[in-house]
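Here's the structure we're looking at; comments come further down.
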Amino acid sequence: MEKDDPQHSGSLRDTAADNNSTEHPAEEDSYSPLPAASEQEHSGGLSEQELNESIESICNSKAEEFHMLGYEQVTGSDIWDCVSDKYLKSGIPPLHRVINDILSLKTTQFMNWMTMSIYKDRPF
């Protein structure tokens, strides 16, 4: 690809700028993983609503996994609260990290978080 190609001028720079964006807007969901902002298209073509729905679906899937392991009362909201608790100080990380944190959550980590939440008087 040549730099003077009119079809491709600036496309790599535009794509790189989009991919480097770590800000992901969200809806006002009870366990929305993303900070509130205006509705925009993100790299990969997902809107904030689609991102929230995807993350909510992943949290619900993890809750179903916990149900199969005998933790019947766990909800997708509980999963998000547990995972997002560590983002309170540092802020929301890139999307791939959020997804990894949800999918790699173990029951022992969740139960430890729940126990600590009780001691801190945080509802879970």
Where Gly76 falls short, out of the listed (1) farther than 19 Å from Ser117 by Cα; (2) in contact with an Asp or Glu (Cβ under 7 Å, 6 or more places away or on another chain): (1)
Residue in the range 33-45 that is within 11 Å of the chain's Cα centre (by Cα) and at pLDDT 95 or above present: no
Residues satisfying the stated conditions in the range 50-73, i.e. among the polar types (S, T, N, Q) and out of contact with any Asp or Glu (no Cβ under 7 Å at 6 or more places or on another chain): Ser54, Ser57, Asn60, Ser61, Gln73
Scope the range 76-124; condition over 17 Å from the mean Cα position of the chain (by Cα) and of a type in the set (Val, Ile, Thr); matching residues: Thr107, Thr108, Thr115, Ile118
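One line per residue, one yes/no per condition, for (1) surrounded by fewer than 13 Cβ atoms within 10 Å (Cβ to Cβ); (2) closer than 18 Å to Glu53 by Cβ; (3) in contact with a Cys (Cβ under 6 Å, 6 or more places away or on another chain):
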position: Gln73; (1), (2), (3): yes, no, no
position: Cys82; (1), (2), (3): no, no, no
position: Asp85; (1), (2), (3): no, no, no
position: Lys89; (1), (2), (3): yes, no, no
position: His96; (1), (2), (3): yes, yes, no
position: Ser104; (1), (2), (3): yes, no, no
position: Tyr119; (1), (2), (3): yes, no, no
Pairs with Cβ under 6 Å, 6+ apart, first in the range 46-69 and modelled with pLDDT under 95, second among the polar types (S, T, N, Q) and not in a helix (DSSP H, G or I): Asn52/Ser32
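The values are calculated or read from the model by the stated rules, or taken from the named source; none is laboratory data. Since we're looking at a predicted model, the values are computed, not measured. Note that each Cβ is placed from the backbone with ideal geometry, even for glycine, and that neighbours are counted across all protein chains shown.
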